[in-house]
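Data first, discussion second: the structure below is written as structure tokens.
Read-outs: derived from the displayed coordinates by stated rules, not from any lab. Quick caveat, the model's predicted, so the values are computed rather than measured. Positions of Cβ are generated from backbone atoms using ideal geometry, with glycine treated the same way; all protein chains shown enter the neighbour counts.
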Amino acid sequence: MLNRRLLRTKAVQALYARQLTADANRLLALDHIDEAFAPDLNSMEPQNRQKLAGMKRLAGMTLDELIKNGKPNEDEELPEQVLKVARSAFQAYSRQTATDGEKMVRRVLNETESIHVDFVRVLSMIIELAHQAKIDRERRYDDPESPFPKDSGLDTNRVVRVLIEDKNLEEEIIRNGINWSNEMNLVRKTYREALRKDAQYEAYCKETSHTPEEDQAIVQYILRQVILKHEVPLDYFEQRDLYWSDHSELIRSLAIKTLKSADNSATFQLAPLTKDWEEDRFFVEELCRIVVAESDKYDLYLDDQLKNWELERVALVDLIILKTALAELIHFPGIPVKVTINEFIEIAKRYSTPKSGKFVNGVLDVLSVKLSKEGVIRKSGRGLIDNK
């Protein structure tokens, strides 16, 4: 089942990608300023290159003021053309950054939904391996150099028969466009190099009959030790999904739960990715929206906390993790403070520097106490203290 840590991770990934695109958009805005103050090589009038360079520099500084504060430096009187060009560049920057930010959120949500597709793909690989086992067992002549028992096989397994015969699973495979016809070399290689060479599967195939418990045990074993662990199928899944290392644990748990229900067709059920996808989607979208809207305010909180640091010195991933944690602490009153802090510590440990977990822990511990005393963080609900 989809968990909140993965959703928090997706929000952090979207915000990180948004910041990278924002940096790229700033460079494009500076290019716009460069063009506006470039000497006109076709003009017959003399060009004051020194003045143009000065105006370009002022416009670049004004652009950065607009990005940071939303307004130009009021202490400095700027030429009208400088303001006009800087504002035009800033508007283009803002539009593109907002569009890119929305794309990043959509992208991570699509990636999250694709976990269900990969889960179905894993189940369909079990079916394909069973087909290979059937072909292998029906061969008249054994390979004398590599004999293999044929008393039973994956194709005779009760659990696999339920998978093969279930119409809902068949529809899911078709609906998600899962087709192994172009990947048969992979399937055959997985069967030959992983499954046939596995001692536990070979021992299973030496017995003519099996108990339901034995059938369940071998399918679970093949899932864990062959499909999700052997380098041949693992390389395939990692190439298909950039975030396979993040998603594989959830895919594994969904597949295990589904296989456990497949002792017979009456109890078989595909494990759902989530209880409420709309709620999960809202959680990610809202976290991202709040961080973008409240970013300047969070900078002030962090500036005050990190008096001996400059925010520019804080790793970008750590900064985004801290801001996302603040958004959750302040705007999601039903989530306990300790839960939020612990979750973002784990995200920092996994995705940032070796010392980031301790750094994030220290900052959030102090800030959560301070903001709770100030009434900025208010937790209420079942099992929580209402500190209105």
Note, GLU279: beta-carbon cut-off 12 Å, +1 each Lys/Arg, -1 each Asp/Glu, net -2
Here the Kirkwood hydrodynamic radius of the chain, Cα-based and in Å, equals 25.3 Å
Region 317-357 and region 190-262 have their Cα centres apart by a whole-number Å value of 34 Å
Relative contact order in percent for region 1-114 (Cα pairs under 8 Å, 6+ apart) equals 42 percent
Taking region 4-107, the whole-percent share of alpha-carbon pairs separated by over 16 angstrom is 62 percent
Region 111-199, convex hull of Cα, quarter of hull surface, nm² -> 7.0 nm²
The pairs in LYS189/LYS257; LYS307/LYS379; LYS275/LYS370; LYS71/LYS373; LYS307/LYS355; LYS167/LYS229 lying past 30 Å Cα-Cα in this model are LYS275/LYS370; LYS71/LYS373
Relative contact order as a percentage, the chain, C-alpha pairs under 8 Å and 6+ apart, gives 18 percent
Listed residues GLU35, GLU170, GLU193; largest mean-square fluctuation, Gaussian network over the chain with Cα springs below 10 Å, found at GLU35
Sorted largest first, the C-alpha extents of region 277-373 along its principal axes in whole angstrom are 41, 29, 23
In a Gaussian network model of the chain with springs linking alpha carbons closer than 10 Å, the residue among ALA348, ALA29, ALA38 that fluctuates most is ALA38
For region 111-191 the mean separation of alpha carbon contacts under 8 Å (6+ apart) over residue count, i.e. relative contact order in percent, is 43 percent
Between GLU171 and GLU249, the two model label points (7 Å from Cα along the beta-carbon direction) sit apart by a distance in nm of 3.3 nm
Dividing the surface of the Cα convex hull of region 115-263 by four yields a projected area in nm² of 8.6 nm²
Among chymotrypsin sites (Phe, Trp or Tyr not before Pro) in region 297-346, those in a DSSP loop whose Cβ has at most 13 other Cβ atoms within 10 Å are TRP309
Mean Cβ-within-10 Å packing, highest first, puts peptides 63-72, 99-108 in the order 99-108, 63-72
